[in-house]
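Novice: Shown below is the structure under consideration.
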Amino acid sequence: MTIPKYECTDCMKNFLKELPKCEHHVHLEGTLEPNLLFKLAERNNIILPSTFPTTVEECNIRYNNFGDLQDFLDHYYIGMSVLITEQDFYDLAMAYFQKACEDGCLHSEVFFDPQGHLERNIDLETVVAGFDKACKDANKKFGTTNKLIMCLLRHLPNSDGLKVLRDSKKYYQNGTIHGLGLDSSEKPFPPQLFEDCYNLIRTEFPNVGLTAHAGEEGDYTYVENSLNLLNVTRIDHGINSKQSSELMEKLYQNKTMLTICPLSNVKLQCVKDVAELPIPLFFDKGIPFSINSDDPAYFGGYILDNYIVVHERFGFSVEQWKTISLNGINGSWCDESRKQELRDKVDEVCNKYLELV
Ligand SMILES: [Zn+2]
């Protein structure tokens, strides 16, 4: 256990909690807490494989010891198997939105993996309807704003991605889905395999937000190729961008936001400790980034936990946190009036805490 370099006092914790946060990198299927997982398995008469933990405690122990990205994904896909009805998808998303709101996260852009459900014969309509209803109800109940980003599973063929995108056009058309992403095992599946998929959405729906997981376990060329070939305007993870100064300059010039997931990077052994992440480097180079939870049910922390651990390692000032928060707002895909509302709240909270911490 690494000893934090900086103390996160109670006052600082309160500040980080109140600071308006935006989350851009969270997989709804990765918010499936063990207690909901077992509840849904029972509700849907699903028998989990004998290799899967049988209690919440066993889950938490196993989740604390993932060998790598693939080891985690194996558990993630088993977890997904308990999601069957529209109500299940709704319950899953609502549990996340409630937790995010408690953490002071006022705007979330959330990923979901339709292919992981379609291959289990769950209709796309069931998945989208449950998630969409939760987005709307969370807005009414918590006052938060939320957007859905559909992700393609990169271990499946490009043709499979094209099919799901064609079937999803009506959701892009009516604004139910706001973005396209690319996730799952990164390394043997470079971004160039999915050029057709991104072109299909970009040409028909030029206002849809494009992003991709890149530079987590893959090297900086995965980031470069996502930018050049998929035309993404945001990079999920992107920590290996530090390997190329040319790429770093490009990220700075284009103000491309990286969605960093500190606890996830430690849990999946990308780094041994959050202190090793190039967060201060990105800060110094003026590359915008946001701090996110990725798959919080599996990685032991939601958005606020990630903010706290970053503070404990890097000891940012209120002014620096203000910059991080504003960069997250500016890099979001909500409209300008919502962004202004959030920026005003940031000013309010930072002014309140400037003298206190
Ligand atoms: Zn992710």
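The values are calculated or read from the model by the stated rules, or taken from the named source; none is laboratory data. Since the structure is predicted, the reported quantities are computational estimates derived from the model, not experimental observations. Here the Cβ is made from the backbone with ideal geometry for all residues, glycine too, and neighbour counts use every protein chain on show. Note: accessible area is taken over every heavy atom of the protein model, side chains too, but ligands, DNA and RNA are not part of it. Shrake-Rupley method; radii C 1.70, N 1.55, O 1.52, S 1.80 Å.
Novice: Which residues, taken from region 154-181, are surrounded by fewer than 22 Cβ atoms within 10 Å (Cβ to Cβ) and touching a Pro at 6+ places or on another chain (Cβ under 9 Å)?
Specialist: Within region 154-181, 155, 164, 167, 168 meet the criteria.
Novice: Would you point out which residue out of 264, 332 is small (Gly, Ala, Ser) and in a loop (DSSP other than H, G, I, E, B)?
Specialist: From the options 264, 332, the qualifying one is 332.
Novice: Contact list please: Cβ distance under 9 Å, first residue in region 271-286 and in a loop (DSSP other than H, G, I, E, B), second residue of a type in the set (Ser, Thr, Tyr) and open to solvent by less than 10 Å² (accessible area, probe 1.4 Å), pairs at least six apart or on different chains.
Specialist: Listed pairs, sorted by first residue: 278/241.
Novice: Still on this model: Identify the residue in region 214-242 that is touching a residue at least 60 places away in the same chain (Cβ under 8 Å) and more than 19 Å from residue 327 (Cα to Cα) and, among all such residues, is nearest to the ligand (Cβ to nearest atom).
Specialist: 216
Novice: Are any of the residues in region 267-283 surrounded by 22 or more Cβ atoms within 10 Å (Cβ to Cβ) and either touching an Asp or Glu at 6+ places or on another chain (Cβ under 8 Å) or over 23 Å from residue 5 (Cβ atoms) (or both)?
Specialist: yes
Novice: Has region 330-342 got any residue that is basic (Lys, Arg) and either open to solvent by less than 40 Å² (accessible area, probe 1.4 Å) or more than 30 Å from residue 246 (Cβ to Cβ) (or both)? Outline the logic, then answer.
Specialist: Just the residues of region 330-342 that are basic (Lys, Arg), to begin with: 338-339.
Restricting the remaining residues to those that are either open to solvent by less than 40 Å² (accessible area, probe 1.4 Å) or more than 30 Å from residue 246 (Cβ to Cβ) (or both) gives 338-339.
Yes, region 330-342 contains at least one residue that is basic (Lys, Arg) and either open to solvent by less than 40 Å² (accessible area, probe 1.4 Å) or more than 30 Å from residue 246 (Cβ to Cβ) (or both).
Novice: For a quick check of your reading of the model, give me the residue pairs whose first member lies in region 95-110 and is open to solvent by less than 10 Å² (accessible area, probe 1.4 Å) and of a type in the set (Ser, Thr, Tyr), whose second is modelled with pLDDT of 95 or more and in a loop (DSSP other than H, G, I, E, B), with beta-carbon atoms closer than 7 Å and at least 6 apart or on different chains.
Specialist: 108/144
Novice: Restricting region 111-128 to residues that are of a type outside the set (A, V, I, L, M, F, W, C) and open to solvent by less than 40 Å² (accessible area, probe 1.4 Å), which is nearest to the ligand (Cβ to nearest atom)? Show your work before the answer.
Specialist: From region 111-128, those of a type outside the set (A, V, I, L, M, F, W, C) are 113-117, 119-121, 123, 125-126; that's our starting set.
Retained after the next criterion (residues that are open to solvent by less than 40 Å² (accessible area, probe 1.4 Å)): 113-117, 126.
Details: 113: 10, 114: 15, 115: 15, 116: 13, 117: 17, 126: 23 Å.
Checked region 111-128; the qualifying residue nearest to the ligand (Cβ to nearest atom) is 113.
Novice: Here's something else I'd like to know. With in contact with a helix residue (DSSP H, G or I) (Cβ under 7 Å, 6 or more places away or on another chain) and either of a type in the set (Asp, Glu) or farther than 20 Å from residue 86 by Cα (or both) as the only criterion, which of 156, 118 stands out?
Specialist: Only one candidate qualifies: 156.
Novice: Please give the number of the condition residue 245 fails out of (1) within 22 Å of residue 148 (Cα to Cα); (2) among the polar types (S, T, N, Q); (3) away from the ligand (no atom under 15 Å from the Cβ).
Specialist: Going through the list (1) within 22 Å of residue 148 (Cα to Cα); (2) among the polar types (S, T, N, Q); (3) away from the ligand (no atom under 15 Å from the Cβ), residue 245 breaks only (1).
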